[in-house]
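Here the structure is laid out as structure tokens; the discussion comes afterwards.
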Amino acid sequence: MSYNETEGKWLKHMTYKWIGTAVLAGVILAGCGSDAEKEEPKEDKPVQEAAESPAKKESEEKATEKKPIEEADNLPPEEKEALLQAFEQNIQAFNSKDVDAYMETLSKKPVSFDYEEERKYVEKTFASFDMKLEPQHTVIIKYDEKKKEANIFSAMKTVTKDLQSEKVVENVTRQVSVYRKEESGWKQISTFAMQ
């Protein structure tokens, strides 16, 4: 599979578990030696001379202020513990390149990926890259008792080393992993990642 196909797959789905980060890192590593695309010159825009009122500036600043990530207020302590344990098992299995253990942390009925395709893709990723995931600021932001689903937010630091070129890329993405409670416990059904 070429890097362009991999990148296209990542952009199309944007919801693959940590693989989105792996693909992005792979694309970055592959493109390290290529020439950068030339930017088209930007048109000069006239400078707005009218001064903005202090009230308008303050209003705009409040609108763009980031709200803190808060834990779901309806989360039972026993479910919180079970969810964080499932999340940690997923990270540990991925970091140790244990494909079977990693696949055990995923639902066999996922929402955003095909289970068997995920296995093949992870095997190829592990063969090409040495990746370590380091979750930072992990918070369960949504818990739905009726649906038996929960959303786990994390700022995920990914350190990726290309096994052929030995180039290393570090990246931090914000992501939400969606888990569903099944007979065998909490299983991941999708992940949404963003820069």
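Bear in mind these aren't lab numbers, they're just calculated from the coordinates by the rules spelled out. Because the structure is a prediction, the values reported are computed rather than measured. Note: ideal-geometry Cβ built from the backbone for every residue, glycine included; neighbour counts use all protein chains shown.
Per-residue Karplus couplings for segment 118-126, computed as 6.51 cos²θ - 1.76 cosθ + 1.60 with θ equal to phi - 60°, are listed in order as 4, 4, 4, 5, 5, 4, 5, 5, 5 Hz, Gly and Pro entered as x.
Dipole magnitude for segment 93-195: computed about the Cα centre from +1 point charges on Lys and Arg Cβ and -1 point charges on Asp and Glu Cβ, it is near 340 debye.
Between Q92 and E182, full extension at 0.36 nm per residue minus the direct alpha carbon distance yields a gain of 30.3 nm.
Full extension of the chain between S165 and L84 yields a length gain of 25.7 nm, computed as 0.36 nm times the residue separation minus the alpha carbon distance. Taking the convex hull of the alpha carbon positions in segment 63-195 and averaging its projected area over all directions gives 9.2 nm².
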